[in-house]
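J.: After the structure tokens below, expect a handful of questions from me.
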Amino acid sequence: MKLKEAAVAALLMFIGNGVAQGQSSHDNLARESMEVGPFRMQINMPKALEKKFNSDGKEVSHALPPFALRKVLPASDYLTPHSWDKGDADHSVYFTSPNGERVGMWLDCRYNTGMDNHVAVVFDVQNINPITGVKASTVAVMEQYRVKGPDGKPIESHRWSPSLGYNVPPQNYLASNAGVMWLDGFRTRKGIVRQWVFTEDDAAGVADQLIGDKKDFAVTATFFISKNPKPKAYGGTRGLSKSFDISAGAEIKQKIPEDFQNLDFWNSKPQGKITIYFVSHGEAKEIISRKRQRSLEGFLQGIFTVEDDDPFQ
């Protein structure tokens, strides 16, 4: 195997297993956490749960799936597809590859409960909000549903939306002050989500079925903070490539706790954004082989310095 191919293979192994034999620390680019500013998120990819049913044929909800941390690579270190977001100082972009078949996913933002301010996160899965099921806005906005639903139309008691045909959630985000900062899938009803499961079948993808060609191929988390710091004694609590869509799998017991604070409790301007693309093993190899050549000397790269030999001798 050629040296470059061996390095690519080792890096892919590092993403999946956490350690690649024979790599220097300089080559260990895979990271356990995605970060932007003070915010952090991790991705877990356990095996997809199988649906199970009781004797009456009713689906039985699973407990939360296990930890299965999946490492990521920063997209800025590679020549990535033109369609991918490039990010900026407040927007970090990463990519990874699902490890095998029938792979599930859950997103972990619990680290952020340790910040001085309360933190809220709005998720976007292939351009739909996985809590509300409606198309995500171009710029993430925190919303609460007390009078109107996520489609802007009136709701009735118990948050029943006649226009949408289901009971809507209390809001479109998770909040650290409400107690839960992880998400395992698409919300279906109170206390239940359906596990995110990777699929190569476009027709099975939730976004494909809900918004069609308006879907994109990324998962994004946008972070907001409260206007004021929380009390000192306050304690916290757990692009896609075109080869992959995200489908709805087995039921999982997970609440989306209501944020009883009004929206004016929160700073309306997003404070950070993380986007992650999921690619096949083959696509990951291709991207990793196109690592950017970065200058360790910055703008002084190639400049004659006093330590260099005289170039005119």
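J.: At 0.36 nm per residue, and after removing the present C-alpha to C-alpha distance, how many nm does the segment from A68 to S55 gain when stretched out fully?
T.: Details: separation 13, 0.36 × 13 = 4.68 nm, distance 3.11 nm.
Gain on extension, A68 to S55, equals 1.6 nm.
J.: Let me ask another. About the Cα centre of segment 31-298, what is the dipole size in debye to 20, counting +1 per Lys and Arg Cβ and -1 per Asp and Glu Cβ, all else neutral?
T.: Numbers: 36 positive and 31 negative charges, 114 e Å.
Magnitude of the dipole: close to 540 debye.
J.: Using packing as a proxy for protection, rank 38-49, 53-64 so that the peptide with the highest average count of other Cβ atoms within 10 Å comes first.
T.: Packing proxy ranking, top to bottom: 38-49, 53-64.
J.: Say R0 is 35 Å: what FRET efficiency, to the nearest 0.05, do K153 and K269 get from their beta-carbon distance?
T.: Efficiency, rounded to the nearest 0.05: 0.85.
J.: Sticking with this structure for a sec: Rounded to a whole number, what is D in µm²/s for segment 31-298 from Stokes-Einstein with the Kirkwood radius over alpha-carbon pairs (10 °C, 1.306 mPa s)? Mind dumping the intermediate values first?
T.: On the way: Rh = 19.3 Å.
Roughly 82 µm²/s, to the nearest whole number.
J.: Using the alpha-carbon centroid of each, what span in Å lies between segment 162-191 and segment 53-95?
T.: Computed from Cα coordinates, the inter-centre distance equals 18 Å.
J.: Report the net charge of residues surrounding K227, where surrounding means a beta-carbon distance below 13 angstrom and charges are Lys +1, Arg +1, Asp -1, Glu -1.
T.: Its environment carries a net charge of 0.
J.: Determine the sum of side-chain charges near F186: Lys and Arg each +1, Asp and Glu each -1, restricted to other residues whose C-beta is under 15 angstrom from that of F186.
T.: My count for the surroundings of F186 gives +3.
J.: Also: For E286 paired with T138, estimate the spin-label separation in nm (one decimal), with each label point 7 Å from Cα along the Cα-to-Cβ line.
T.: Distance between the two pseudo-spin positions: 3.0 nm.
J.: Taking the Cα centre as origin and putting +1 on Lys and Arg beta-carbons and -1 on Asp and Glu beta-carbons, what dipole magnitude results for segment 169-228, to the nearest 20 debye?
T.: 540 debye
J.: Checking the a/c ratio against 1.5 first, then a/b against b/c, what shape does the Cα gyration tensor give for segment 125-183?
T.: The shape class here is oblate.
All of the numbers you see were taken from the coordinates with simple rules; none came from a lab. Computed from a predicted model, the values in this text were never measured in an experiment. A quick note on method: Cβ atoms are made from the backbone with ideal geometry, for glycine too, and the neighbour counts reach across all protein chains shown.
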